[in-house]
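The values are calculated or read from the model by the stated rules, or taken from the named source; none is laboratory data. A quick note: this is a predicted structure, and the numbers were derived from the prediction, not measured. All Cβ positions, glycine included, derive from the backbone under ideal geometry; neighbour counts span all protein chains shown. Heavy atoms of the whole protein, side chains included, go into the accessibility calculation; ligands, DNA and RNA do not. Shrake-Rupley method; radii C 1.70, N 1.55, O 1.52, S 1.80 Å.
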Amino acid sequence: MKKALYLAPSAIAVAVMASSLSVGVQAAGFVEDAKVTLGLRNYYFNRNYLNGTDPVIRGERQGQAEGWTQNFILDARSGFTEGTVGFGLDVLGLYSIKLDGNRGAANTQLMPIHDDGQAADQFGRTAVAAKAKLSKTELKVGEWFAVLPILRADDGRSLPQTFQGAQLTSNEIDGLTLYGGQFWKNSQRNDASREDMSFGGVKGDDFNFGGGEYRFNGNNTMVGVWHARLEDVYQQSYVQLTHSQPVGDWVLGANLGYVTGKEEGAAKAGNLDNKVYQGALTAKTGNNSFMVAYQKLSGDTKFMRIDGTSGGTLVNDGFTNSYDNPEERSWQIRHDYNFAGLGIPGLTLMNRYVSGDNIKTANRDNAEEWGRESELAYTIQEGTLKNLSIRWRNSDVRRDVGQDLHENRLIINYPLSIL
């Protein structure tokens, strides 16, 4: 049975922090620059499976997945102590309570699932990270919500995913940010425990990464280069180019990327082969934004990412699907509108359509799928409930191979600034 509640802090982070404070540096900036917020997130999720594609879970067909949770996300980040080397501490306190969700509809990934098929009534964990800063270089050790192009924590359900490890970030050269580090444990979004990093259920050793991003041309252009290795499972490289260009009343943008991956070391997941070619073009004018995107995979392996992580590196990643199957090619059209243009600031609407084909499966060489997603969001602009946001997400997915579904999500978030 999975653990329902785990709130022990990272021993490594605590040890590092304790040793740092013992050197007697002054702690003025530690408190003065601290920021503490409490996010109150209410999350309702409903997914209906269509056309006889209901999953079979523990011998029972599941016609829908439904759940409702109330979540508390405490994000406390200290400043740095004074001195040549500054020290600090970040704490992420996560706690979720199930408001509704029966056995037949527990597979929402909102909560952990017990061996009897029931969703846990509650779960949570505490992520603690110590940090040290010298000049414009920062070392972080412990557990936190990490978002890197080569490893993106998922925050698409009740609580965010976190990783345990160490990361060095340097900004010593203007415009250039360098990254390097290692993660060794993974707490997925619906799990209270800390597990080894894995890909496709195959556990590897540590996840090592390095990369750099250089911004120039008035910060309008960025070139990024990344490499990562899940030891004894896979290795992956990613090159990215982004550009933004004002043209009259328009702002035009581009996001181009290339990913390549293969097996690494002992190749516990077997021989792997994946390449991704992708590009997204955007155009914004007034309160309207438009995007067209194309994504092409080649090789016998789907896009490689640590289990549980977001597929946000891919231009066609969405709420319900990433279009990342072997050999799949997909295109997207998207429109965003800000109702401030009609005198309703804080109200936005997003619609997108994605179509994928040429999917290679065990039984087919040219399977197809498509998806439609909409999000209507409103953020209160003033008053007692200022910054409270309400988001309604409505989606449909149809596939030749896999599950057809219709989905609704209602997410209410209220961030409280404590310090």
If I compute solvent accessible area with a 1.4 Å probe over the protein chains, what percent of it on region 28-139 is carbon and sulfur?
52
How high is the relative contact order of region 164-263, in percent, with contacts defined as C-alpha pairs under 8 Å that are six or more residues apart?
18
Add -39500 (n - 2.57) for each DSSP H run of 4 or more in the chain, then divide by its residues: what number comes out at 222 nm, to the nearest 500 deg cm²/dmol?
-1000 deg cm²/dmol
Kindly report the accessible area of the chain per residue (heavy atoms of protein chains, probe 1.4 Å, no ligands, DNA or RNA), in Å².
46
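Looking at this model, which pairs from LYS268/LYS296; LYS296/LYS360; LYS302/LYS360; LYS185/LYS296; LYS140/LYS203; LYS98/LYS386 are more than 19 angstrom apart at the alpha-carbon?
Numbers: LYS268/LYS296 26 Å; LYS296/LYS360 13 Å; LYS302/LYS360 10 Å; LYS185/LYS296 31 Å; LYS140/LYS203 24 Å; LYS98/LYS386 26 Å.
Long pairs (Cα-Cα over 19 Å): LYS268/LYS296; LYS185/LYS296; LYS140/LYS203; LYS98/LYS386.
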What whole-number value in cubic angstrom gives the convex hull volume per residue for the C-alpha atoms of region 176-299?
136
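Evaluate the Kirkwood expression for the hydrodynamic radius of region 320-419, namely the inverse of the mean inverse distance over all pairs of different C-alpha atoms, and round to one decimal in Å.
Working: mean 1/r = 0.0631 Å⁻¹.
Kirkwood radius, region 320-419: 15.8 Å.
Could you order the peptides 137-149, 195-207 from most to least packed, using the average number of other C-beta atoms within 10 Å per residue?
Working: 137-149: 20.6, 195-207: 17.3.
Put in order of decreasing packing, that is 137-149, 195-207.
With Cβ to Cβ distances under 14 Å as the rule, what net charge do the other residues near ILE173 carry (K, R +1; D, E -1)?
Details: positive: LYS136, ARG215; negative: GLU172, ASP174, GLU213.
Spelling it out: positives minus negatives among the neighbours equals -1.
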For region 177-185, in residue order, the Karplus 3J(HN,Hα) values (coefficients 6.51, -1.76, 1.60; θ = phi - 60°; whole Hz; Gly and Pro = x) are 10, 10, 10, x, x, 8, 10, 10, 9
On each of the three principal axes the extent of the alpha-carbon atoms of region 102-183, given in whole Å and largest first, is 55, 22, 17
Residue by residue through region 225-238, what is 3J(HN,Hα) from phi via Karplus (6.51 cos²θ - 1.76 cosθ + 1.60, θ = phi - 60°)? Round to whole Hz and write x for glycine and proline.
9, 9, 9, 9, 9, 8, 3, 6, 10, 8, 10, 8, 10, 9
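Can you give the Kirkwood hydrodynamic radius for region 24-112, in Å, rounded to one decimal and based on Cα pairs? Display every interim value, and only then the final one.
Working: mean 1/r = 0.0614 Å⁻¹.
One over the average 1/r among Cα pairs gives 16.3 Å for region 24-112.
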Rounded to two decimal places and with Rh computed the Kirkwood way over Cα pairs, what is Rg over Rh for region 63-212?
1.05
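Where does each of 275-281, 381-387 land if you order them by average Cβ count within 10 Å, highest first? Can you show the working numbers first?
Working: 275-281: 17.9, 381-387: 10.3.
So the peptides 275-281, 381-387, ranked by packing, come out 275-281, 381-387.
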Calculate the length of the line joining the C-alpha centroid of region 226-265 to that of region 296-338, in whole Å.
13
